[in-house]
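The values are calculated or read from the model by the stated rules, or taken from the named source; none is laboratory data. Since we're looking at a predicted model, the values are computed, not measured. Glycine gets a Cβ as well: all are built from the backbone with ideal geometry, and neighbour counts include every protein chain shown. Accessible surface areas use protein heavy atoms only, side chains included; no ligands, DNA or RNA. Shrake-Rupley method; radii C 1.70, N 1.55, O 1.52, S 1.80 Å.
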Amino acid sequence: MPIQVKNISVEFPGIRALKGIDLEFQDGRMHAVLGANGSGKSTLVKVMTGIYKPQLGAEIIINGKKFPEIKDPNMAKKLGIRVVHQEAPLINSLTIAESIAVLHGYPKTRFGRILWKDLQRYSGELLKFWDIDLDSNMLVRQISSSERSMVAMATAIGKDEELSETKALILDEADASIPEEEARRFLAKARKVADLGIPVIMVTHRLKSVMETCDDVSILNDGNVVFTGPLSHIGPDFIVSKMLKSEHSIVVDDTIGVDNLWRAVGAAPPVEGSGTVLSVKDLKSSRLHGISFSVERGEVLGIAGITDSGVTELPHILGGSGKWESGQIVLDGECLKPNITPKQAIRKGISLVPSDRFRQGGVMTRTLRENMLLPNEEKFFLKPKKAYQAVDVAMQVLDVRPAYADQQFGKFSGGNQQKAIVAKWLFTCPKVLVLDDPTYGVDPAARMKIFAAIQDSARNHVGIVVFSTEPEQLATLCNRVIVLQKGVITHELKREDGTLTRESIARWCYA
Amino acid sequence: MKSKLQNWNWKSLRNKYGLVIVFIAIVTFFSVLNANFFTLNNWSRILIGQAIIGSVALGAIFILIIGEFDMSLGYMTALILIVGGYLSEKGCGTAAVLLAMFGAGALAGLVNGCLIVLLKIPNAVATMGAGICMYGLTLAMSGGRVLSLNIPKAITAVCNYRILNVSLPVYILAILMAVVYFLLEFTPFGKRLYAIGGNERAAYLSGINTNVYRILAFVIAGMFVALGALFILGQARAANPQRGPEYLMSAYATVYLSVTVFRPGAFNLRGVALSLILLGAGFKGLSLVGLPYWFENVFYGIILATAMLTANKETRAIKAG
């Protein structure tokens, strides 16, 4: 029986994540759900697995029965929806058999003693059923990432009668952390599930694997379904063009006055003039295999790439918190040492706005004021009035609401937190500002302000490096974009010669 | 100033000052019940009784602020006390005894800090191990005896000298509390400690040398424990190897109680000061109306649990080391 979802709407404060979408997933077919970050695809998965609830009027049809919502993950499980997530939930220190038992329940005697022999037999049979050539006594940490995902999938679905209960398999970016070649083995297993007549829903960023393995595709854009249908008639260029956001969704307003922030902390605005401010020569690390680029004063350089291309590592290396093996980073004529710390990097004039607000960006339990001035605390020792004035300026320039400097940081909305974090790093008066996906999970209005702040800083001669997973963002912001693939720079797109467009970035990234 | 505006409603008042009301209620209650409660004599006894717990609590707050936990503070008190008694019996002078006690405190803190920060051993395990070692050393140095010979006159005199019927340690502690209050609330040092406790990674990326600050917090804690040990030595005029461990729980209880008042959800020094007096007054009141000595511990536990139960969600979510 095919699975249908009808009229699914999900709303978060400030964002409509899904705007009444209808989709159908056919039996025995692999159905890719594609979309840029923030398009709503992970929201859709969360609706189908009972984590988010859709608004009234929604219908989810499974096995011929209609449901207005899936109440919780337990109900999703009972309805036969099986999910494999990006990080397979296996425990490193246990054996495969034990991990299977953790997810599946231990076979026990009447008195609660674990029947190890039964568990061994079951695990062995399960692995054999799915053609996974592993010994169930191996420790999970000994197996590769694709094998982990395969075991997780086998455990999620089970065999024999459990298999007949499975109505749908959702692969929620399950291949994202697996190297491409190995991912192919994993996807072949997923194909086997589809061949048993089960609809397989695959959420992924990898266009190439979609083209190779899937039958149908649905493309989400800004909470709407912009295309759904068989993959046989369309090509990757068509898909990429559908994934891009509509043209008018990004407008950057004029000068917002970031130089006021520098004045508020008593620093001189950055040196005028042009010339190279940052140059990276033959940089090598565990994921980067010799990359070189440079940034001019007042330039906005974009760096694009998918997860395993090195784009997660490079921003931290530039910000002083990552390790590199060889090569040179020259900041304003000065060579940086390989054992540099963020403290020294900030002092020398290169600051990183990290991507993960919760883990790396903010101290949620402290106030907005303390967060904004954390790298600058010594400048405000015994000058509380000056500190509040500086924070007031930043809240005005970046439009942080509500304008309560003493409110706990965690109580602000995501967009306002991110604006405050951008302000925090602007306060360090950097020569080079590195931003790692600065608008991830941020509402459109806040996104606009952050873009304006970036462009205004560039106008004030700060060299900017923006990492982003959204091509349209880079196309709007940057003068130049370099594309990373598997740790090397494969393309350089420039605004002057017309190669820098949303489509070109997207094509090179996803291809 | 717009940015300083806060909602002044009943709920936020109750969250911030609830414990103050409890304090006033306790004082009124016992004052009515027993005429001897609201007298200068009684209050000086309350304050003197809390001076030692207060010193150890001053150390404990540094450790809790950075999001760690130190199980060894009690045994550390015992060890430093015995170091003082041992050197006194060997005939060392005031300066040498003081130096050795504070040195021992700093060293013990340094060891704990290095075990946790540099060797990355989980804090409870590292300090439990260190604490057991300290207990062993305490027994070795004392031989199980109470060391009471030759305690330097200067120490006993200072610890028992009274101004306005209150002994000097109370004043010393009050001054140090003011200093620590200033340090935690108004200096970059304090803000950084709080930031490390809230999110160590974010603090590190913000240019804070988190390892140094974390080790330093343990060293400072060790020094305050040494101060507590010094007060015991001076007040008791002897070093009893049995004393020390009982201060671990009461010091932590005091600091945990502080998260329910003034700045809900954060360990704060004004809260520690209030909790110290509240717990001291409550216990004294109970003993004046005739409850047995063991009730002190029950009272501590009840107050802590009730305060946490009535606190708001953020307060209860406080990280326990």
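Please determine whether any residue of segment B:239-248 is among the hydroxyl-bearing types (S, T, Y), open to solvent by 30 Å² or more (accessible area, probe 1.4 Å) and at pLDDT below 95. Checking segment B:239-248: not a single residue is among the hydroxyl-bearing types (S, T, Y), open to solvent by 30 Å² or more (accessible area, probe 1.4 Å) and at pLDDT below 95. Report yes if some residue within segment A:174-186 is of a type outside the set (D, E), free of Cβ contacts under 8 Å to residues at least 60 places away in the same chain, over 23 Å from A:V33 (Cα atoms) and assigned by TED's automatic domain parsing to the domain that holds A:K208; otherwise report no. There is no residue in segment A:174-186 that is of a type outside the set (D, E), free of Cβ contacts under 8 Å to residues at least 60 places away in the same chain, over 23 Å from A:V33 (Cα atoms) and assigned by TED's automatic domain parsing to the domain that holds A:K208. Evaluated against (1) within 14 Å of chain A (Cβ to nearest Cβ); (2) of a type outside the set (V, I, T); (3) touching a residue at least 40 places away in the same chain (Cβ under 8 Å), B:N199 falls short on exactly one condition, (3).
For segment A:464-479, the criterion of being in contact (Cβ under 8 Å) with a residue 60 or more places away in the chain and more than 24 Å from the chain's Cα centre (by Cα) is met by none of the residues. The number of residues in segment A:413-450 that are under 16 Å from A:L374 (Cβ atoms), within 14 Å of chain B (Cβ to nearest Cβ) and open to solvent by 10 Å² or more (accessible area, probe 1.4 Å) comes to 2. Among the residues making up segment B:282-309, those that are under 24 Å from B:F38 (Cβ atoms), of a type in the set (G, A, S) and within 19 Å of the chain's Cα centre (by Cα) are B:G282, B:A307.
Suppose we keep only residues that are in contact with a Ser or Thr (Cβ under 6 Å, 6 or more places away or on another chain) and assigned to a loop (DSSP other than H, G, I, E, B) within segment A:314-347. Which one would you say is farthest from A:R480 (Cα to Cα)?
Within segment A:314-347, the first condition is being in contact with a Ser or Thr (Cβ under 6 Å, 6 or more places away or on another chain), and the residues that meet it are A:320, A:324-325, A:330, A:342, A:346.
Subset that is assigned to a loop (DSSP other than H, G, I, E, B): A:320, A:324-325.
Values: A:G320: 24, A:W324: 24, A:E325: 27 Å.
Per the stated criteria, the residue is A:E325.
Residues that are in a helix (DSSP H, G or I) and farther than 19 Å from B:A195 by Cβ within segment A:398-415 comprise A:G414, A:G415, listed in sequence order.
Condition check ((1) acidic (D, E); (2) open to solvent by less than 60 Å² (accessible area, probe 1.4 Å); (3) touching a residue at least 12 places away in the same chain (Cβ under 8 Å); (4) on the phi < 0 side of the Ramachandran plot) across all residues:
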{"site": "B:G109", "(1), (2), (3), (4)": "no, yes, yes, yes"}
{"site": "B:P122", "(1), (2), (3), (4)": "no, no, no, yes"}
{"site": "B:M134", "(1), (2), (3), (4)": "no, yes, yes, yes"}
{"site": "B:V158", "(1), (2), (3), (4)": "no, no, yes, yes"}
{"site": "B:S167", "(1), (2), (3), (4)": "no, yes, yes, yes"}
{"site": "B:L205", "(1), (2), (3), (4)": "no, yes, no, yes"}
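Which of the residues belonging to segment A:459-479 are in a strand (DSSP E or B) and more than 14 Å from A:T276 (Cα to Cα)? Matches in segment A:459-479: A:V466, A:F467. Of the residues in segment A:364-387, how many are among the hydrophobic types (A, V, I, L, M, F, W, C) and either outside any loop (DSSP other than H, G, I, E, B) or open to solvent by less than 20 Å² (accessible area, probe 1.4 Å) (or both)? Qualifying residue count, segment A:364-387: 6.
One line per residue, one yes/no per condition, for (1) open to solvent by 30 Å² or more (accessible area, probe 1.4 Å); (2) closer than 12 Å to B:A217 by Cα; (3) of a type in the set (A, V, I, L, M, F, W, C):
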site: B:F62; (1), (2), (3): no, yes, yes
site: B:F69; (1), (2), (3): yes, yes, yes
site: B:L73; (1), (2), (3): no, no, yes
site: B:T77; (1), (2), (3): no, no, no
site: B:M101; (1), (2), (3): no, no, yes
site: B:L119; (1), (2), (3): yes, no, yes
site: B:T127; (1), (2), (3): no, no, no
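Kindly indicate whether any position in segment A:488-501 is touching a residue at least 12 places away in the same chain (Cβ under 8 Å), crowded, with 18+ Cβ neighbours inside 10 Å and either of a type outside the set (A, V, I, L, M) or at positive phi (or both). No, the conditions are met nowhere in segment A:488-501. Sub-9 Å Cβ pairs linking a first residue in segment A:307-323 that is of a type in the set (A, V, I, L, M, F, W, C) to a second residue that is part of a helix (DSSP H, G or I), at least 6 apart or interchain, are A:L318/A:A345, ordered by first then second residue.
Being assigned by TED's automatic domain parsing to the domain that holds A:T228 and over 29 Å from A:D437 (Cβ atoms) holds for only one residue in A:E24, A:E11, and it is A:E24.
Among the residues in segment B:215-236, are any part of a loop (DSSP other than H, G, I, E, B), farther than 16 Å from B:I65 by Cβ and at pLDDT below 95? Can you show your working first?
Initially, segment B:215-236 is screened for residues part of a loop (DSSP other than H, G, I, E, B), giving none.
No, every residue in segment B:215-236 fails to be part of a loop (DSSP other than H, G, I, E, B), farther than 16 Å from B:I65 by Cβ and at pLDDT below 95.
With respect to the conditions (1) within 8 Å of chain B (Cβ to nearest Cβ); (2) touching a strand residue (DSSP E or B) at 6+ places or on another chain (Cβ under 8 Å); (3) open to solvent by 10 Å² or more (accessible area, probe 1.4 Å), A:Q328 lacks only one, and its number is (1).
Residues being open to solvent by less than 40 Å² (accessible area, probe 1.4 Å), modelled with pLDDT of 90 or more, within 14 Å of chain B (Cβ to nearest Cβ) and out of contact with any Phe, Trp or Tyr (no Cβ under 8 Å at 6 or more places or on another chain) are entirely absent from segment A:291-302.
Could we say that B:L147 is under 30 Å from B:R237 (Cα atoms) and touching a strand residue (DSSP E or B) at 6+ places or on another chain (Cβ under 6 Å) here? Don't jump to the end; show me each part of the working.
Values: under 30 Å from B:R237 (Cα atoms): yes; touching a strand residue (DSSP E or B) at 6+ places or on another chain (Cβ under 6 Å): yes.
Here the answer is yes, as B:L147 does meet what is asked.
Residues that are within 7 Å of chain A (Cβ to nearest Cβ) and open to solvent by 40 Å² or more (accessible area, probe 1.4 Å) within segment B:207-222 comprise just one, B:N209.
Considering B:L309, B:L304, B:L274, the condition of being in a helix (DSSP H, G or I) and open to solvent by less than 30 Å² (accessible area, probe 1.4 Å) is satisfied by B:L274 alone. For first residues located in segment B:64-76 and free of Cβ contacts under 8 Å to residues at least 12 places away in the same chain, partners that are open to solvent by 10 Å² or more (accessible area, probe 1.4 Å) and lie 6+ apart or on another chain with Cβ distances below 7 Å do not occur. Among the residues of segment B:183-196, those identified as within 18 Å of the chain's Cα centre (by Cα) and more than 8 Å from chain A (Cβ to nearest Cβ) are B:L183, B:L184, B:E185, B:G190, B:L193.
For A:S39, the requirement of being open to solvent by less than 60 Å² (accessible area, probe 1.4 Å) and over 25 Å from A:L207 (Cα atoms) is not met. Anything in segment A:126-171 that is at pLDDT 85 or above, of a type in the set (D, E, K, R) and closer than 21 Å to A:I91 by Cβ? List them, or say none. Within segment A:126-171, just A:D135 meets the criteria.
For segment A:133-152, the criterion of being in a helix (DSSP H, G or I), exposed (fewer than 13 other Cβ atoms within 10 Å of the Cβ) and under 30 Å from the mean Cα position of the chain (by Cα) is met by at least one residue.
Being within 32 Å of the chain's Cα centre (by Cα) and in a loop (DSSP other than H, G, I, E, B), is that true of even one residue in segment A:107-130? Within segment A:107-130, one or more residues are within 32 Å of the chain's Cα centre (by Cα) and in a loop (DSSP other than H, G, I, E, B). Only a single item in (1) of a type outside the set (G, A, S); (2) more than 9 Å from every other protein chain (Cβ to nearest Cβ); (3) open to solvent by 40 Å² or more (accessible area, probe 1.4 Å); (4) more than 27 Å from the chain's Cα centre (by Cα) is not met by A:R347, and it is number (2).
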